[in-house]
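Handing you this structure, nothing more for now.
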Amino acid sequence: MENWDEVRTAFQVAKIGTVSGAAEALGVHHATVIRHIDALEARLGAKLFQRHARGYSATEAGQDLLAVAGQADDQFTQLAGRIRGRGDEVTGELIVTSLPTLSPLLVPAIGLFQDRHPDLRVRLVNDTRVFRLEYGEAHVAIRAGKLPDQPDNVVQPFFTETLRLLASRDYVERYGMLTEENIAKHRFVGSTDDLPRAPYFKWLTDNVPNSAIYFRASSMSEAKDAVLAGIGIGFVASWDRIHTDDLIEVLPAMEDWTAKFWLVTHMDLHRTAKVQTFVRHLKEQVKTWPKGDEALA
């Protein structure tokens with residue numbers, strides 16, 4: 001509300017009856033109280049108080065102001081109480097941004113969290129763009145790659161995803177096993193990005209001729225589908241067991257075939273009960289996610 005400080009000052013003067021009392025209640029100098037009253041009366045074009053030896057008494061216009069300002073003050077007090085109470089609850093809406101590749105793991109984890117906190121509504125946004133946490137676009141972001149360095153964000157390690165280079169049995173029967181010497185003779189599934197940021201796709205770009213990439217996908221799920229279909233050799237997450245029983249690992253995993261994931265929150269929301277409880281939940285859930293060789297067992 002414009003000029004709310006002046007209205008609040010007038011409300012305190014009307015309620016207490018003296019400039020000194022209002023100044024003490026507001027924690028300001030008595031000259032500030034007088035300046036606020038004079039400015040508000042000039043803006044409204046009406047006298048709000050009668051000045052006398054004992055202090056200030058409200059005119060008819062001042063009494064109207066007292067009634068309206070009193071209601072507003074009560075509503076602000078009630079609002080502050082609700083906000084303080086809500087800070088200790090896991091309710092309302094929680095916005096989480098992540099990458100599509102993690103959905104098979106993340107969605108069940110979110111479902112379990114909502115079972116424990118049934119009044120919480122979750123919005124999961126799977127997108128590769130970097131959401132601006134400082135603008136409230138998300139409460140929790142799961143990001144991959146290098147350590148995020150945006151100012152005012154709290155960044156915590158989440159987990160490391162290992163990728164395996166796999167092919168279908170049908171592909172191996174047709175084209176044989178992959179070796180470092182016959183890479184150019186095989187067919188591969190790559191990324192639609194000209195300069196992929198993922199380290200495993202970067203390895204593919206550096207080691208596989210462009211002519212050997214016969215299928216390009218915009219997501220890991222599409223790349224996996226292409227591998228399952230026998231189109232070519234491609235990367236599949238180690239934890240991804242769905243329909244992968246017939247896939248064959250064609251090269252041992254290399255150090256470059258990993259991706260680090262981070263939990264990112266904004267410092268202003270990091271310590272709220274909702275965000276803290278959800279982050280702790282994810283850290284517990286990630287311990288149950290399959291990793292490395294166990295995912296291929």
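Run through all the Cα pairs of the chain and give the fraction in each 10 Å bin from 0, expressed as whole percent.
Cα pair-distance distribution for the chain, in percent: 6, 21, 19, 14, 12, 9, 8, 7, 4, 1, 0.
With +1 on each Lys and Arg Cβ and -1 on each Asp and Glu Cβ, and nothing else charged, work out how big the dipole of the chain is about its Cα centre, in Debye to the nearest 20.
The dipole magnitude comes to about 540 debye.
Mind listing the phi-derived Karplus ³J(HN,Hα) values for region 229-242, rounded to whole Hz, using 6.51, -1.76 and 1.60 with θ = phi - 60°, and x for any glycine or proline?
Taking θ as phi minus 60°, the curve returns 7, x, 5, x, 8, x, 8, 9, 4, 4, 6, 7, 9, 5 Hz for region 229-242.
OK, next. For the chain, what are the DSSP H helices with axial Cα length of 15 Å or more and mean Kyte-Doolittle hydropathy of at least -0.5?
Long hydrophobic helices here: 4-16, 30-44, 60-86, 103-116.
Another question about this same structure. Mind listing the long-range amide H neighbours of Phe215? Cut-off is under 5 Å, sequence gap 5 or more, other chains count too, H placed in the peptide plane at 1.01 Å from N.
Phe188, Gly190
Report the one residue of His52, His117, Gln285 whose Cα lies farthest in the direction of the positive end of the charge dipole of the chain (charges on C-beta: Lys and Arg +1, Asp and Glu -1; origin at the Cα centre).
Projecting each Cα onto the dipole axis, the largest value belongs to His52.
In whole Hz, what ³J(HN,Hα) sequence does region 174-186 give by Karplus (6.51, -1.76, 1.60; θ = phi - 60°), x for Gly and Pro?
7, 10, x, 7, 7, 10, 5, 7, 10, 3, 5, 8, 9
Ok, one more. Based on DSSP loop calls and a cut-off of at most 11 other Cβ atoms within 10 Å, the longest stretch of the chain free of exposed trypsin sites (Lys or Arg not before Pro) is what?
Result for the longest clean stretch: 147-270.
Say the dipole of the chain comes from +1 at the beta carbon of Lys and Arg and -1 at that of Asp and Glu; which of Ala22, Gly92, Ala141 then lies farthest toward its positive end?
Ala22
Let me ask something else. From the helices alone, meaning DSSP H stretches of at least four residues, give me the mean residue ellipticity at 222 nm for the chain, per-run term -39500 (n - 2.57), in deg cm²/dmol to the nearest 500.
Mean residue ellipticity, 222 nm, calculated: -12000 deg cm²/dmol.
Please sort by residue number the GluC sites (Glu not before Pro) in region 179-250 whose DSSP state is loop and whose Cβ has at most 11 other Cβ atoms within 10 Å.
Glu180, Glu181
With every protein chain present, what is the per residue accessible area of the chain (1.4 Å probe, Å²)?
56 Å²
Provide the percentage of antiparallel DSSP beta bridges, counting only those with both residues in the chain; round to the nearest 5.
Restricted to the chain, the bridges split so that about 65 percent are antiparallel.
Give Lys202/Lys287; Lys146/Lys260; Lys146/Lys287; Lys202/Lys224; Lys146/Lys274 a once-over and call out the pairs whose C-alpha atoms are over 19 Å from each other.
Too far apart for the 19 Å limit: Lys202/Lys287; Lys146/Lys287; Lys146/Lys274.
Given a cut-off of 27 Å, what percent of all Cα-Cα pairs of region 127-280 lie beyond it?
Percent of Cα pairs beyond 27 Å in region 127-280: 34.
Report, to the nearest whole %, how much of the accessible area of the chain belongs to carbon and sulfur atoms, 1.4 Å probe, protein only.
50 percent
Dipole of region 140-297 (Lys/Arg Cβ +1, Asp/Glu Cβ -1, origin at the Cα centre): which of Trp262, Val275, Pro151 lies farthest to the positive side?
Of Trp262, Val275, Pro151, it is Val275.
The values are calculated or read from the model by the stated rules, or taken from the named source; none is laboratory data. Nothing here was measured: the structure is a model prediction, and the numbers come from that model. Cβ atoms come from the backbone with ideal geometry, glycine included; neighbour counts cover every protein chain shown. Ligands, DNA and RNA are excluded from the accessible area calculation, which covers all protein heavy atoms including side chains. Shrake-Rupley method; radii C 1.70, N 1.55, O 1.52, S 1.80 Å.
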